[in-house]
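The values are calculated or read from the model by the stated rules, or taken from the named source; none is laboratory data. Values in this document were obtained by computation on a predicted structure and should not be read as measured data. Note: ideal-geometry Cβ built from the backbone for every residue, glycine included; neighbour counts use all protein chains shown. When the accessible area is computed, the model is the full protein with side chains, heavy atoms only, and any ligands, DNA or RNA have been set aside. Shrake-Rupley method; radii C 1.70, N 1.55, O 1.52, S 1.80 Å.
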Amino acid sequence: MTKLSDAQKHANKVEKIANRLRAMSPGNQINDVATVFQKLVRMQSADEHGMCKCVTCEARYPWNDLRINAGHFVSRKCRTTIFMRINCHPQCANCNKHLGGNAAEYERFMVEKFGREVVESLKAESRESIKWTCEQLAEKKIQFLELVRKEAKRLA
């Protein structure tokens, strides 16, 4: 029996996840990967006590609390920026869902933290289009899962 190389193991993992994604609708494919990405965003944003602060109202909740989301500055509907870390930050459910993202406050946060140039660049990228392949989404999911494992150790 021959031993698989790391590259072969990775290719097998990508193919396995891509096959699972192919069984889903395109929207569900994106949502499947986005769920892991959004968990990662909350984990990476948590302080040493596991708390996240909403970027638009400063409410604080544990990273794994349902009251904290990973809100996108440029809407999730835009597929080109959906998995960009700079586009996604902790937001309380009230700001993200009930206040429609609290857009004015979110933009203020983005400009203060990253500058007007970055904000304009994200907005420009949002006008571009991308069609994710199942293999690309599988690669993203693997990448995010590995980072989630690292963050879990940090937060343990």
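Tabulated values for the structure
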| read-out | value |
| --- | --- |
| Breaking point among (1) out of contact with any helix residue (DSSP H, G or I) (no Cβ under 7 Å at 6 or more places or on another chain); (2) open to solvent by 70 Å² or more (accessible area, probe 1.4 Å); (3) of a type outside the set (S, T, N, Q), for GLU139 | (1) |
| Residues that are closer than 24 Å to HIS49 by Cα, of a type outside the set (Gly, Ala, Ser) and touching a residue at least 24 places away in the same chain (Cβ under 8 Å), drawn from region 130-153 | PHE144, LEU145, LEU147, VAL148, GLU151 |
| Exclusive hit being farther than 21 Å from ARG149 by Cα and in contact with a helix residue (DSSP H, G or I) (Cβ under 9 Å, 6 or more places away or on another chain), set CYS54, CYS88 | CYS54 |
| First in region 108-129 and open to solvent by 100 Å² or more (accessible area, probe 1.4 Å), second anywhere and part of a loop (DSSP other than H, G, I, E, B), Cβ under 6 Å, 6 or more apart | GLU128/THR80 |
| So ARG60, is it touching a residue at least 40 places away in the same chain (Cβ under 8 Å), surrounded by fewer than 19 Cβ atoms within 10 Å (Cβ to Cβ) and not aliphatic (A, V, I, L, M) | no |
| Check on LYS77, open to solvent by 60 Å² or more (accessible area, probe 1.4 Å) and touching a strand residue (DSSP E or B) at 6+ places or on another chain (Cβ under 8 Å) | no |
| Pick from region 101-128, criterion under 18 Å from the mean Cα position of the chain (by Cα) and assigned to a loop (DSSP other than H, G, I, E, B), ranking: nearest to LYS77 (Cα to Cα) | SER126 |
| Criterion (surrounded by fewer than 15 Cβ atoms within 10 Å (Cβ to Cβ) and touching a Leu at 6+ places or on another chain (Cβ under 8 Å)) met by exactly one of ASN19, ASN12, ASN28 | ASN12 |
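Results for (1) farther than 19 Å from GLU146 by Cα; (2) touching a strand residue (DSSP E or B) at 6+ places or on another chain (Cβ under 7 Å); (3) surrounded by 13 or more Cβ atoms within 10 Å (Cβ to Cβ), shown as yes or no for each residue.
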position: LEU4; (1), (2), (3): yes, no, no
position: ASP32; (1), (2), (3): no, no, yes
position: ASP47; (1), (2), (3): yes, no, no
position: CYS92; (1), (2), (3): yes, yes, yes
